[in-house]
1. Does MET256 fit the bill of being under 15 Å from ILE131 (Cβ atoms), within 14 Å of the ligand (Cβ to nearest atom) and open to solvent by 20 Å² or more (accessible area, probe 1.4 Å)?
2. Tally time: how many residues in the range 308-336 are open to solvent by 30 Å² or more (accessible area, probe 1.4 Å), free of Cβ contacts under 8 Å to residues at least 60 places away in the same chain and more than 16 Å from the ligand (Cβ to nearest atom)?
3. Please count how many residues of the range 25-53 are within 16 Å of the ligand (Cβ to nearest atom) and either aliphatic (A, V, I, L, M) or under 21 Å from TYR307 (Cα atoms) (or both).
4. When you scan the range 283-301, do you find a residue that is in contact with a Lys or Arg (Cβ under 7 Å, 6 or more places away or on another chain), buried (at least 19 other Cβ atoms within 10 Å of the Cβ) and of a type in the set (S, T, N, Q), even just one?
5. Just to check your reading of the model, which residue among ASP124, ASP130, ASP86 is assigned by TED's automatic domain parsing to the domain that holds HIS42, modelled with pLDDT under 95 and either at negative phi or within 16 Å of the ligand (Cβ to nearest atom) (or both)?
6. Pairs needed: first member in the range 278-299, assigned by TED's automatic domain parsing to the domain that holds GLU349; second member anywhere, aromatic (Phe, Trp, Tyr) and more than 8 Å from the ligand (Cβ to nearest atom); C-beta distance under 9 Å; at least 6 residues apart or different chains.
7. Name the residue, out of GLU17, GLU62, that is open to solvent by 10 Å² or more (accessible area, probe 1.4 Å) and within 16 Å of the ligand (Cβ to nearest atom).
8. Determine which member of the set GLU28, GLU50 is of a type in the set (Asp, Glu) and open to solvent by less than 60 Å² (accessible area, probe 1.4 Å).
Amino acid sequence: MKKVNVVTLPGDGIGPEVTSVAVEVLKEACRHEGVEISVSEHLFGGISYEKHGVPVTDETLESCKKSKIVLLGAVGGPQWDNLSADKRPEAGLLKLRKELGVYANLRPIQVYPSLAGASTIKEDVIAETDILIVRELTGGVYFGEPRYTSEENGDPYSVDTMKYSRSEVQRVSRVAFEAAQKRDGRLCSVDKANVLESSRMWRKSILEIAGDYPDVELSHMLVDNCAMQIIRDPKQFDVMVTGNLFGDILSDAASMLTGSLGMLPSASLGGENGLYEPVHGSAPDIAGQGIANPLAAVASAALLCRYSLNLESAAQNIENAIQTVLKNGLRTADLYTEEPGTTLSNTQEIAHLLLKAVSEREMVSF
Ligand code: NAD
């Protein structure tokens, strides 16, 4: 049996609860394809700070770089909110993304038919929505320098810097163009070119390479309009590419199309490295209660199979298992709406059904 090592970073809050489900499902799906997954688990985020005084140790970073494949839960919690910026759990996440060079964050937003009623948005607006948001992940205002807080005439102020270079824009745009080629052939680049210099650079840079993808129809949209269009008519989008800050906000807004943040997976890619994590945070409000929705973490494991292991059949097996859970009417509290045919469930019960479906390779048409 082929062996592959995956580093897991369960993190804080509900991170360990959802990651353990994802790992079990991943192992089972890969075993079916003749691949044995071995797991190296490390502390990460707030829990790493408690033990080591830093959100991520050099040893953990080295282990991630060596494995090239990382499955992450979530980090953060109110008890670490007042730490200095470099000690906060989120700093560990930003460092990990930067060190792995995973500059392209892929966030599929797919509305599952059996969940169309769980969204707060009208069913006919969201039905059949299938968007891929490609967010630039290692540049922009989250990393730009200088960043500081100072004071002028007794009035404190803070500065962040939004910076994008042509090469940064073009490499993430190429990932988005290539994804569009495999989908419906439409790419919408989202920026704020009417106001920001960095956005004008963004637009110019993507236009320079558009000719390399004649089969992709490129359009541009201002981010404020895009925030509105995502809610008004999400089906108009196929692939979307945007900067770090805009992508962060737009993908959370888009998550509500799917019913819950607990449904959204992500893959962050760069070179041979892949970092897979649910879009949601550590949800401290429900941590430890066994009620977290594990489906985003499990769907992230499917992306891991697709992009890092090149095991499309394992990815589909996992995605079908998610369908099975939803078709059986099992819903964690974040999705439960008392709709007939559904029951309020919990993490363990859903994990059990997922594993059963994966091991029986139950095929469900989407
Ligand atoms: P959050 O995503 O953790 O939670 C927002 C809401 O969604 C909460 O009510 C939560 O209970 C619910 N929710 C989220 N995931 C869920 C799931 N899988 N199942 C059921 N319900 C779920 O965002 P927040 O409350 O703004 O942040 C909490 C902490 O997480 C903060 O410390 C924040 O910095 C951190 N955070 C981490 C990441 C990450 O690790 N990638 C991302 C976002 C936020």
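1. Here the answer is yes, as MET256 does meet what is asked.
2. 5
3. 3
4. no
5. Exactly one residue qualifies, and that residue is ASP86.
6. Short answer, once both residue conditions are applied: ALA297/TYR276.
7. Criteria check complete, one pass: GLU17.
8. After ruling out the rest, the residue left standing is GLU28.
The values are calculated or read from the model by the stated rules, or taken from the named source; none is laboratory data. Computed from a predicted model, the values in this text were never measured in an experiment. We place every Cβ from the backbone using ideal geometry, glycine too, and count neighbours over all the protein chains shown. For accessibility, only protein heavy atoms count, side chains too; no ligands or nucleic acids. Shrake-Rupley method; radii C 1.70, N 1.55, O 1.52, S 1.80 Å.
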